[in-house]
Amino acid sequence: MVSIGFGGLVSAGRLIALVAPDSAPVKRLITEARERSMLIDATFGRKTAAVLVMDSDHVILSGLPVEKLAPRFGVDPAELRD
């Protein structure tokens, strides 16, 4: 289990993608997940800073940015830069 901030935990082995919520396709993904009741809001009232896509088709919103979450999943932050 990996902390996604503010007491929320997810299974690292079930994560497919960790993305920023800024692009139109990701916003569409969030809307579709909400309509299918597959959206989990783990922001605890904060602004959404990262979106986690799980292999169970769930979409999880986190208040921590991708740059802070990536190392928790074993990704080097230097790899995140373009």
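A few notes on this one:
- Scanning segment 5-25 for residues that are part of a helix (DSSP H, G or I) and at pLDDT below 95 turns up A12, G13, R14.
- Contact annotation: residue pairs with Cβ atoms under 9 Å, 6 or more positions apart or on different chains, pairing a residue in segment 63-82 that is within 17 Å of V10 (Cα to Cα) and among the basic types (K, R) with a partner that is assigned to a loop (DSSP other than H, G, I, E, B) and modelled with pLDDT of 85 or more, are K68/A49; R72/L64.
- Selection count where residues are under 10 Å from the mean Cα position of the chain (by Cα), loosely packed, with under 13 Cβ neighbours inside 10 Å and of a type in the set (S, T, Y), scope segment 14-51: 0
- Exactly one residue out of R34, R28, R46 is outside any strand (DSSP E or B) and at pLDDT below 95, and it is R46.
- Per the conditions (1) at pLDDT 95 or above; (2) of a type outside the set (F, W, Y); (3) surrounded by 14 or more Cβ atoms within 10 Å (Cβ to Cβ), the sole criterion not satisfied by R72 is (1).
The values are calculated or read from the model by the stated rules, or taken from the named source; none is laboratory data. Model, not experiment: these values are computed from the prediction. When we count neighbours, we look across all protein chains shown, and the Cβ atoms used for this are built from the backbone with ideal geometry, even at glycine.
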